[in-house]
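Chemist: Can you keep this structure in mind? I'll have questions shortly.
The values are calculated or read from the model by the stated rules, or taken from the named source; none is laboratory data. Values in this document were obtained by computation on a predicted structure and should not be read as measured data. Ideal geometry is used to build each Cβ from the backbone, glycine not excepted, and the neighbour counts take in all protein chains shown. Heads up: the accessible areas ignore ligands, DNA and RNA and are worked out on the full protein's heavy atoms, side chains in. Shrake-Rupley method; radii C 1.70, N 1.55, O 1.52, S 1.80 Å.
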Amino acid sequence: MVSAGRSMQITAKSDKLHNIEQSKKKDEEKPTEKHRMLSGMVDGKLIHDVEIKHVTIDVHLHMLDFLQKSSGTKRILQAMDGCGVEKAVIIGMPCCKKWSKDEPEQPLYYQDDNGQCYVYHYSDQMVADAWLALADDKRARFAPIMGAFNPTDINAVAHVERMWDKYPGMWRGLGELMCRHDDLTMLLQDDECPVINHIAMRPIFDFCIKHDLNCLVHHNADRTAEAEDDGTHEYLWEVQEVLDTFPDLKLIWCHAGASRRTHEPTHHCMIDKMVSTYPSLIIDMSWVVWEECVLDPKTNKPHQGWIDLFNKHPTRFTIGSDQVGQFISPAGHCLMKPEITKYWVLSEVCSPEVTKAILWGNAQRIWFDGWDMPTHDKGGRWKQQPPTMKAETLYNNQGYFDWIDEEMY
């Protein structure tokens, strides 16, 4: 990373670790069907349904990545139109990946190397700035939420209160609050393990109840990479304790409590018991839970246990892309598309009513209904603000960002 001598130079990528020409060719490859932009939606409105079979709401979209970079809201909206997403819950990224002096190149993702991650409080302000730079019709497509604080800091609620006082009524919830999260738990760990039932989270939950806000939390239900499937979810009691203590909390459980290498074959049975017991609990089905738990690899359709669960509790599930920072590649790939259209298979195993509820209706009710959205005509802080951040496009295989056309968001 750093060359010795009087002149110290830092390079983001090491040429010794990459085939530059091969990487360039990969970044220039044209989109295959998997990532081809679909036609039929313009500015969130369905013009025809020849290609877009289902209109959805994405409840888990990270505007920022682990370096706090983004290709910007213009690209996000284009990607949403390109795969039939009418609206989205827009999240920042509560942590930033440190570039350690011992690593040969800049990491792009939290799992790229052993460097630590740290809480990045400014992420919430970046979400607010991006949302305020939009016209009213674009604002209406995004429900902004905040969550850039340390969940083990008892004083963390002070940050939440400050952001709420600065933009009252704009925030639709808190999240994604990073508690138990496979490898990220260790990379974020200071002196305490971030857990959902930590004493520091109690004032956070009280705040959400007071202001009738959703609380989107990532907390694994089970240990990571157990030696065997024992049918027990070791960390489930921590979630149950929160819901028992705060029965009015509108908890959105990210990824159904699953993560990489963190689930049991009986996961759907556990979720059935949880939603049956706790009426305020909503299950976010974004990220790896779909591939690792829900889908039968032989048929590429949901296992029967999950189908029965969706039919039994059709109002308790939502879907999301969990797309992070980048949304359309330099060569035109719609990166969101496979993370949204994978849920369309629900229509093959559930009724039209259940399918629509999970793909659109539940999210509309939970995140958008009843929202008195701050519009430009309210003046003051709600006037459309000039964009302040660079929209940076990632050349993923070459490992660098480019500020194309000096676009701001």
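Chemist: Using 0.36 nm per residue, how much length does the chain from LYS301 to LYS45 gain when fully extended, once their Cα-Cα distance is taken away?
Modeler: Length difference between fully extended and current span is 89.3 nm.
Chemist: Something else about it: Counting pairs of alpha carbon atoms under 8 Å apart in space and at least six apart in sequence, what relative contact order in percent does the chain give?
Modeler: 21 percent
Chemist: Given H placed 1.01 Å from N in the peptide plane, which residues other than close sequence neighbours of LEU177 have an amide H under 5 Å from its amide H?
Modeler: Answer set, sorted by chain and number: LEU216, VAL217, HIS218.
Chemist: Then there is this: Rank these by accessible area, largest first, 1.4 Å probe: TYR110, TYR400.
Modeler: TYR400, TYR110
Chemist: If I ignore ligands, DNA and RNA and count only protein heavy atoms, how much of VAL349 is accessible to a 1.4 Å probe, in Å² to the nearest 10?
Modeler: 40 Å²
Chemist: Could you work out the Kirkwood radius for the chain, taking every pair of different alpha carbons, averaging 1/r and inverting it, reported in Å?
Modeler: 22.1 Å
Chemist: With all protein chains present, calculate the accessible area of SER329 using a 1.4 Å probe and round the result to the nearest 10 Å².
Modeler: Accessible surface of SER329 is approximately 20 Å².
Chemist: I've got another one for you. Search the structure for amide H atoms under 5 Å from the amide H of CYS117, placed 1.01 Å from N in the peptide plane, and list their residues when 5 or more places away or on another chain.
Modeler: Counting only residues 5 or more places away or on other chains, the set is LYS98, LEU188.
Chemist: Tell me, what is the 1.4 Å probe accessible area of THR232, in Å² to the nearest 10?
Modeler: Accessible area of THR232: about 70 Å².
Chemist: Applying 1/(1 + (r/R0)^6) with R0 = 41 Å to the Cβ-Cβ distance of SER100 and LYS30, what FRET efficiency is obtained, to the nearest 0.05?
Modeler: Here the calculated transfer efficiency is 0.70.
Chemist: Another question, if that's okay. Take every Cα pair under 8 Å in the stretch 205-333 that's 6+ residues apart, average their separations, divide by the length, and report that relative contact order as a whole percent.
Modeler: With pairs under 8 Å counted, the relative contact order is 23 percent.
Chemist: Amide H neighbours of GLY332 under 5 Å, counting only residues 5+ apart in sequence or on other chains, H built in-plane at 1.01 Å?
Modeler: Close amide H contacts, sequence-distant or interchain: none at all.
Chemist: What list of ³J(HN,Hα) values in whole Hz, one per residue of the stretch 83-90 in order, does the Karplus curve 6.51 cos²θ - 1.76 cosθ + 1.60 (θ = phi - 60°) give from phi, with Gly and Pro shown as x?
Modeler: 3J(HN,Hα) across the stretch 83-90, in whole Hz: 9, x, 8, 6, 9, 8, 8, 9.
Chemist: Between ARG365 and PHE207, what is the label-point separation in nm under the 7 Å Cα-to-beta-carbon projection?
Modeler: The modelled label-to-label distance comes out at 2.8 nm.
Chemist: Under a 1.4 Å probe, what is the accessible area of the stretch 46-372 per residue, stated in Å²?
Modeler: Per residue, the stretch 46-372 has an accessible area of 37 Å².
Chemist: Can you run phi through the Karplus equation (6.51, -1.76, 1.60; θ = phi - 60°) for the stretch 286-293 and list ³J(HN,Hα) in whole Hz, with x for Gly and Pro?
Modeler: Karplus-based 3J(HN,Hα) across the stretch 286-293 equals 6, 6, 6, 4, 5, 6, 8, 10 Hz.
Chemist: Measure off 7 Å from each Cα along the Cα-to-Cβ vector at GLU291 and ASP136, then give the distance between these two points in nanometres to one decimal.
Modeler: 4.2 nm
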